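Values quoted throughout were computed directly from the atomic coordinates according to the rules given, and no laboratory measurement underlies them. Keep in mind it's a predicted model, so treat the numbers as computed, not measured. Every residue, glycine as well, gets a Cβ built from its backbone with ideal geometry; the counts of neighbours run over all protein chains shown.
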Amino acid sequence: MNNKLPQFPVGKAVVFNGAGLPFEFIERELPAIKSGEILVRNLYTTLCGSDIHTYCGRRIEPAQVVLGHEIVGEILWIDPAHPAKDFRGDDIKAGDRVTWSIFSVPADVTAPRSDMPQKSDLLFKYGHALASGNDVFNGGLASYCVLHANTALIKISADIPVQVAATISCAHATVTGALRIAGDIAGKRVLVFGAGLLGLSCVSMCHEAGASWIGLTDNDESRLHWGERFGADENYISPADDAIALPWPEVDVVFDMTGSPKAMLAGIDSLALGGVAVWIGAVFPAKPVQVDAQKVVRKVLQIRGLHNYNYEDFVNATAFIENNYTKYPFEALIEKEYTLDEVSEAFTFASDSKPVRVGIKIGD
């Protein structure tokens, strides 16, 4: 392989400097590509719920960050020290379309548990890192992304719409992890809180996993119409605070995608004997969940949490989308698209109108 990095145009990046402050639009030359790294041209980025939380100030990230971690791109350059294979062992080359894990673990760092690499020390997270100097191409809201050595990337078909491919590396991989820790779904009754992308992805995965019944609930009726198209048997408006009884039957598994203490508590109240609650939405500060410990003990319940995902989840999420992107209308969940120059408008729309997802088209 030729060791000389070709000349690429100066790239654009959009820097977030803090809640309430205007985005900063900058142009920078590419930094030197280090040993084992890969240069990718970003094609498309979707605004994840955590990006919106950061924008609104509900979640604190470092000032000066290029947001966006649901990304799909095209390989432009592979450093000769890289094995030129993706995480599944497939050969990769310039021109291949890829997605990659939200995090990268340095090669000399050992994960605290083999099934939790996302909790390793010295973790690098795309769309969450400080942007300074020429080191700004580390998130989705930029022309390029430099993939650190030891990043799990997967080659994907160009037949998968970029709107769908971009969401593999956060939403779908996280939901795949949620199903993993929930245990066998086959024959189980399932209730999903939150009809955003995470919730609808969860409904479809539970449907494919053989759940006997799937309920979907949200406080936004405009989102619930998607439920049936993704495999839900029943849709429910979240009950009022003074509701005497929950409107759905007892279930074996509940998934909370909302992070709402009220929803998480309702999920516990919805569980049948031996049930499992999986919480993945609580990624920003909120009030404590006032759980009735006696209920947990007497009904032999379990509460399991998951933040991000592991490599197995990433691989399985990619396979799920490869096998099902034509079966379920994931592409239609990108309710509005903007260009990179329209990022400010995109975040305003996403925070005010609360669509399932907003997409950012990068480049031409």
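Side notes on the structure shown:
- The alpha-carbon atoms of region 263-364 define a convex hull whose volume equals 178 cubic angstrom per residue.
- Lys, Arg +1 and Asp, Glu -1 on Cβ, resulting dipole of region 194-247 about Cα centre, debye, nearest 20: 200
- Rounded to the nearest 20, the Cβ-based charge dipole of the chain about its Cα centre (Lys and Arg +1, Asp and Glu -1) stands at 660 debye.
- Total charge dipole magnitude, region 175-305, about the Cα centre, Cβ charges on Lys, Arg, Asp, Glu only, Debye to nearest 20: 460
- Computed label-point distance, nm, for sites E337 and A149 using a 7 Å Cα→Cβ extension: 3.7
- Under 19 Å from the Cα of K287 - lysines, other chains or at least 8 residues apart: K262
- All other residues whose Cβ lies under 11 angstrom from that of Q118 are scored, Lys and Arg at +1 and Asp and Glu at -1, for a net of +1.
- The distance between label points at E221 and E250 comes to 3.1 nm (points 7 Å beyond Cα on the Cα→Cβ vector).
- With N the number of residues in region 175-305, Rg(Cα) / (2.2 N^0.38 Å) evaluates to 0.95.
- Reduced Cα scattering model of the chain, Debye log10 I(q)/I(0), q = 0.07, 0.09, 0.14 Å⁻¹: -0.30, -0.50, -1.17
- Convex hull projection area averaged over all views, region 1-89, Cα basis, nm²: 7.2
- Alpha-carbon centroid distance for the pair region 168-189 / region 255-302, whole angstrom: 17
- Given K34/K361; K12/K34; K93/K125; K34/K93, the pairs whose alpha carbons are separated by over 22 Å: K34/K361; K93/K125
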